[in-house]
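Beneath this line is the structure, given in structure tokens, with notes to follow.
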Amino acid sequence: MRVDTWLWAARFFKSRSMATTACKGGKVRLNGHTAKPAADVKVGDTLEWHDALRAREVEVVQLLTTRVGAPLAVLAYIDRSEPVPPRELRGALPMRDRGAGRPEKRDRRELDHLRGYAK
């Protein structure tokens, strides 16, 4: 089974194309090695990637061919990720001053960097 398909079916990514993009970008590791989207996943494999809030590490327990509901998806893996940090430790999202006008390119880049979207 493909890595990107399993990540999508287990509800870690909203779409298969997002999972494919993460794999192509070298963000997903399969058993310690960078995984291409078409890499084979087997029961017992370990997948690692970085989420918006934390580093994720899961062990595959069951192969899912199609996307399933959240209660069934949880049964397909063992989550060994660190817990989500409390909201107080995450920090507030940066906000612009009211009436400051539309953000310029530099402002948008700084906001993206602070939110974790920057490359």
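Out of region 13-38, which residues are touching a Lys or Arg at 6+ places or on another chain (Cβ under 7 Å) and closer than 16 Å to Leu64 by Cα?
Pro37, Ala38
Going through region 16-37 one residue at a time, which ones are open to solvent by less than 60 Å² (accessible area, probe 1.4 Å) and touching a residue at least 24 places away in the same chain (Cβ under 8 Å)?
Scanning region 16-37 gives Ala22, Val28, Leu30, Ala35, Pro37.
So Val60 fits all but one of (1) touching a residue at least 12 places away in the same chain (Cβ under 8 Å); (2) closer than 24 Å to Tyr117 by Cα; what number is the exception?
That leaves (2) as the condition not met.
How do the pairs read when you match residues in region 103-118 that are surrounded by 10 or more Cβ atoms within 10 Å (Cβ to Cβ) with residues anywhere that are acidic (Asp, Glu), using Cβ under 6 Å and keeping only pairs 6 or more apart or on different chains?
Ala118/Asp112
Pull up region 38-54, narrow it to residues that are more than 14 Å from Ala10 (Cβ to Cβ) and not charged (D, E, K, R), then point me to the one that is surrounded by the most Cβ atoms within 10 Å (Cβ to Cβ).
Looking at residues that are more than 14 Å from Ala10 (Cβ to Cβ) and not charged (D, E, K, R), I get Ala39.
Restricting attention to region 55-69, and to residues there that are of a type outside the set (Val, Ile, Thr) and closer than 12 Å to Ala9 by Cβ, which single residue is surrounded by the fewest Cβ atoms within 10 Å (Cβ to Cβ)?
Checking each candidate, the answer is Gly69.
Within region 47-95, how many residues are touching a Leu at 6+ places or on another chain (Cβ under 8 Å), charged (D, E, K, R) and at pLDDT below 90?
1
The values are calculated or read from the model by the stated rules, or taken from the named source; none is laboratory data. As the structure is a computational prediction, the values presented were derived from the model and not from experiment. Cβ sites come from the backbone with ideal geometry, for glycine too, and all protein chains shown count toward neighbours. Note: accessible area is taken over every heavy atom of the protein model, side chains too, but ligands, DNA and RNA are not part of it. Shrake-Rupley method; radii C 1.70, N 1.55, O 1.52, S 1.80 Å.
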